[in-house]
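Everything below concerns the one structure shown next.
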Amino acid sequence: MIACRATTTSNGQLLMSGGQVLITATMNGQEVFANKYGIGFRQAQTSRQPMSLFYGDTNNPDSVVTWAAPGAPENGVYVAGTVSLSDSSIVVVITPGGPDTIAVHGAIMQYYQFDSCANFNWINCDYFYNSGAQLTDVSVFMPDSTFNSSNSEVFIVFPGINSAAHMSQYTSTANMFDLPKGYYIPVGMSVDVVVATNKNGTYYYYQQTGITTTSGTVIFANMSQSSLSYIKSQLLGL
C-alpha cells in the first residue's frame, strides 16, 4: 500500500481493508474496460463484517490513491462465513503454459466474494472503521527544513485493521507533518510510522513500530541514509 501510495481512507474516514489490487487490462496494446466481473479477496479467517467494493484513482494533486465511498452494500456481495454450501460461482482456472479452463466452484468460506465488480484499475475490499474512541492528531517532526513535503512521504500504518493513511499536512515553519483533520485517529491504537525521503537521488528512511497513540502523539523522525532496496525490504516487513 505504501510503496504504491494506495492508502486506505475515504471521505474523511479510515477504512479497514480486506485486500486491494490494481488491475490493468489490455487487448492488442489498447486498454479495455469491464462491464462487470466477479472478484474474491482471500481472508485469514472467516468474518461477518459487511465489506463493500471501493474504486480508487490517482486523479488528484498528490497522486495518492483516493477511494470512492460506496452507497449501500452492493447486490451480489457474499460475506465470508455467511454463505451456504449450496452457493457456487464460475471461475477461470489459469494454467501456466496451457489453455485456461472454466469451472464451477462451491463457495469458499474464507473469501469475500463479489459478483458485480464494474471497474478495473484500483479495487479495494473495505468497510468504514469506527472505534468510538477519542480521536487525536499525530505529528511527525523532521530533522531540518531539507526534509520537506517536496521530497518526503510520511505514512501511518494500522496493523490491527490492515490500513494506512498518508500524513499530507506539512508546516514548513516547524518542519512537521500532520494528519489532515478529517483523518484523526483513535487514542490507544497501535500504529507504525514510516518516513521516506529522496533528496537528489539520495534516500533516507525512518520507521517506528508499535506506537500506542495518546492525545497529541509526537514523533521525531531521526532520518538515516538508506538504499532503495533496504527501504523496500523494511516496508515488506511491516
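The values are calculated or read from the model by the stated rules, or taken from the named source; none is laboratory data. Keep in mind that what you see is a predicted model, and the values were worked out from it rather than measured. Heads up, the Cβs are rebuilt from the backbone with ideal geometry, glycines too, and the neighbour counts pull from every protein chain shown.
Observations, loosely collected:
- Residue count, the range 14-48 (criterion: surrounded by 15 or more Cβ atoms within 10 Å (Cβ to Cβ) and not small (G, A, S)): 8
- Subset of the range 144-187 (residues that are among the aromatic types (F, W, Y) and free of Cβ contacts under 8 Å to residues at least 60 places away in the same chain): Y170, F177, Y184
- Residue selected from the range 35-56 under the condition touching a strand residue (DSSP E or B) at 6+ places or on another chain (Cβ under 7 Å) and assigned to a loop (DSSP other than H, G, I, E, B), by the criterion farthest from N130 (Cα to Cα): K36
- Flag if G237 is of a type outside the set (V, I, T) and under 27 Å from N130 (Cβ atoms): no
To keep it simple, each residue is scored yes or no on (1) hydrophobic (A, V, I, L, M, F, W, C); (2) modelled with pLDDT of 85 or more; (3) within 16 Å of N121 (Cβ to Cβ).
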position	(1), (2), (3)
M16	yes, yes, no
G19	no, yes, yes
L22	yes, yes, yes
T26	no, yes, yes
E31	no, yes, yes
G38	no, no, no
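- Residue list for the range 116-165, restricted to those being under 18 Å from V65 (Cα atoms), of a type in the set (D, E, K, R) and at pLDDT below 90: D126
- Flag not set for I156, criterion: of a type in the set (V, I, T), farther than 15 Å from T7 by Cβ and buried (at least 17 other Cβ atoms within 10 Å of the Cβ).
- Qualifying residue in the range 174-188 (condition: at pLDDT 95 or above and β-branched (V, I, T)): no
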